[in-house]
Amino acid sequence: MAGKHILDYLDQTGGKKEFKKIFTLAYEHTLKTLHKEEEDFEVSLSLVSTREIHKLNKQYRKVDRPTDVLTFAFEEADVLPDEPINDLGSILICPVYAEKNAKKYHHPYERELAFLFIHGLLHAFGYDHHRSEQEAEEMFALQNQILNTMPYDFYTDIKAVKKELLEAQSHSISPYSHFKVGAIVTTK
């Protein structure tokens, strides 16, 4: 039986595109990978401006610059006996920095957003990459495993696929049925 998984999502940047589907999928897949899908969890996720994340990074981490993601873990996912649901805390992502990272590492923007959210979730569950090299290796390996096994295709350009399918369909030979069919095969 699956637990109750609440994602409080707020885009404070006025973004043009809705990403809740990707974040919800990343959330569910992370819980499944951590074998916590039967427990009840709630997490807040906000997309914030560069100015806001800079202010918070300076205030709480004493780092005077913006960053891509901040996690404010609530008890690092400890179970509180009187609470009906485990509050993981808040994750803040700066889309401007996510976009810069995506360009820098040559991967899709949506993939970077999912990556940052997974990174934040792992922090909420107590994983850390600042305390020791061994913990960093463990956390980074786990976040890559989660991201790389997500049931979502970040790379396929659907418009290009449709164009190729129509092109393949135009070359169909169907003298009897007159039902033109096109097919293509795509691989990584």
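Computed from backbone phi with θ = phi - 60° and the Karplus coefficients 6.51, -1.76 and 1.60, the 3J(HN,Hα) list for segment 153-166 is 9, 7, 9, 6, 8, 4, 4, 5, 4, 4, 4, 5, 5, 5 Hz; x is used for glycine and proline.
For the chain, the calculated P(r), taken from all Cα-Cα distances in 5 Å bins from zero up to the bin holding the longest distance, is 1, 7, 13, 17, 17, 13, 9, 6, 5, 4, 3, 2, 1, 0, 0 percent.
Compute the angle between helix 133-148 and the longest alpha-carbon principal axis of the chain, please, reported from 0 to 90 degrees and rounded to the nearest 10. It is inclined by approximately 30 degrees. Go through segment 59-168 and name the trypsin sites (Lys or Arg not before Pro) that are in a DSSP coil and have 12 or fewer other Cβ atoms within 10 Å of their Cβ. Filter output for segment 59-168: LYS62, ARG131.
Could you pull out the pairs from LYS17/LYS55; LYS16/LYS36; LYS17/LYS100; LYS16/LYS100; LYS17/LYS103; LYS58/LYS100 whose alpha carbons sit more than 23 Å apart here?
From LYS17/LYS55; LYS16/LYS36; LYS17/LYS100; LYS16/LYS100; LYS17/LYS103; LYS58/LYS100, over 23 Å: LYS17/LYS55; LYS16/LYS36.
Rounding to the nearest 10 and keeping the result within 0 to 90°, find how far the Cα-based axis of helix 95-105 lies from the longest principal axis of the chain. Result, in degrees: 60. I want to verify a result. In a Gaussian network model of the chain, Cα cutoff 10 Å, which of these has the top mean-square fluctuation: ILE146, ILE91, ILE158? In this elastic network of the chain, the residue with the biggest mean-square fluctuation among ILE146, ILE91, ILE158 is ILE158. Under a 5 Å amide H cut-off, with hydrogens placed 1.01 Å from N, ASN86 pairs with ASP40, PHE41, GLU42 among residues at least 5 apart or on other chains.
Every number in this text was worked out from the coordinates using simple rules, so none of it is lab data. This one's a predicted model, so the numbers in the text were calculated from it and none came from an experiment. Note that we place each Cβ from the backbone using ideal geometry, even for glycine, and neighbour counts take in every protein chain shown.
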